[in-house]
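Data block below; observations after.
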Ligand SMILES: C[S@@+](CC[C@H](N)C(=O)[O-])C[C@H]1O[C@@H](n2cnc3c(N)ncnc32)[C@H](O)[C@@H]1O
């Protein structure tokens with residue numbers, strides 16, 4: 001590769017590093033096994049996916065019959081960097097519509113591909129037209145556009161299951177959706193997502209990187225999650241509470257700027273505390289909306305970070321035990 005081109009790619013990679021993390025089939029299978037009942041008769045749209053290489057596309061094409069899908073659409077952005085094929089094809093974005101008529105075929109041939117007039121940006125009118133025809137969107141979208149991406153799904157009232165960075169929980173737009181029970185965390189998170197395939201030019205460093213048996217470069221950032229509005233049974237499981245507040249008050253200090261107590265770990269949430277409690281954001285991974293109510297994120301009554309004796313513990317989510325609101329204990 002000419003030096004100049006390589007430099008340009010590396011520069012771009014530094015800016016948009018996480019936008020070019022490609023999902024492994026094993027991670028998709030591990031998560032999707034929990035949602036199989038949602039797909040019967042549905043149109044699935046993977047709108048940031050080259051059908052020739054995307055493992056999201058592979059997963060749904062391979063499981064098309066078993067899931068009872070009506071149609072699968074994968075649309076690819078012109079500027080996608082992982083392009084093991086002819087770069088000439090990337091003048092425009094393109095998409096592929098897969099139905100049961102494809103039989104056992106998985107990969108599209110060049111005549112199956114339909115070119116967009118534009119670049120295939122998920123926000124383009126052409127891609128939105130496909131979105132409107134779809135029931136469920138499943139993909140790993142570009143991290144740098146995550147807010148816009150979620151906003152579009154909500155605007156078009158779509159069901160979805162997507163990969164994001166754990167930090168996305170703290171975006172105010174996303175947290176609002178979580179608080180309102182319109183969106184929640186999927187099953188796997190952090191080390192539960194084993195790693196992503198990165199383009200050739202990506203420099204591997206550190207212990208969380210490797211080359212797989214196909215020669216793909218894999219990084220394991222351990223900071224990703226699945227975000228969804230598809231129901232799972234896990235979401236209805238109570239967190240088992242074993243600790244007590246009364247008698248152990250010293251372990252649960254009061255905030256300076258909010259009428260509530262600080263709880264350091266989700267497993268330490270006391271079973272006998274009716275009031276407001278600040279818990280770590282990882283609580284959301286165990287959250288059952290029938291058991292707890294989410295009140296607020298991070299800030300006290302003065303809209304400053306929650307503090308104890310002038311010190312801020314970490315980001316906390318204020319919650320309340322719903323079941324204790326009606327029960328006399
Ligand atoms: C995190 S990667 C994941 C790719 C694929 N969905 C997967 O999981 O393997 C995000 C992909 O979105 C593409 N992308 C970036 N900006 C986009 C946009 N505005 N519209 C559609 N796709 C975009 C990137 O080129 C990249 O292929």
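The values are calculated or read from the model by the stated rules, or taken from the named source; none is laboratory data. Just so it is clear, the model here is predicted, and its values are computed rather than measured. Note that each Cβ is placed from the backbone with ideal geometry, even for glycine, and that neighbours are counted across all protein chains shown.
Observations on the model:
Yes/no matrix, rows are residues, columns are (1) in a strand (DSSP E or B); (2) under 15 Å from the mean Cα position of the chain (by Cα); (3) closer than 25 Å to residue 71 by Cα:
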site	(1), (2), (3)
111	no, no, yes
126	no, no, yes
141	no, yes, yes
144	no, yes, no
153	no, yes, yes
181	no, no, no
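- When residues of the range 19-37 are limited to those that are surrounded by fewer than 18 Cβ atoms within 10 Å (Cβ to Cβ) and assigned to a helix (DSSP H, G or I), the one farthest from the ligand (Cβ to nearest atom): 37
- Matching option when the condition is within 21 Å of residue 110 (Cβ to Cβ), surrounded by 17 or more Cβ atoms within 10 Å (Cβ to Cβ), more than 9 Å from the ligand (Cβ to nearest atom) and modelled with pLDDT of 95 or more, among 42, 71: 71
- Selection count, the range 155-173, where residues are touching a strand residue (DSSP E or B) at 6+ places or on another chain (Cβ under 6 Å) and part of a helix (DSSP H, G or I): 1
- Members of the range 75-105 that are touching a helix residue (DSSP H, G or I) at 6+ places or on another chain (Cβ under 8 Å), modelled with pLDDT of 80 or more and in a loop (DSSP other than H, G, I, E, B): 78, 93
- Per this entry, residue 315 is not counted among residues that are crowded, with 17+ Cβ neighbours inside 10 Å and either at negative phi or part of a strand (DSSP E or B) (or both).
- Of note, residue 282 satisfies the criterion of being within 27 Å of residue 320 (Cα to Cα), modelled with pLDDT under 95 and not assigned by TED's automatic domain parsing to the domain that holds residue 34.
- For the range 154-184, a residue qualifies if it is without any contact (Cβ under 8 Å) to a residue 24 or more places away in the chain and within 16 Å of the ligand (Cβ to nearest atom), and exactly one does: 155.
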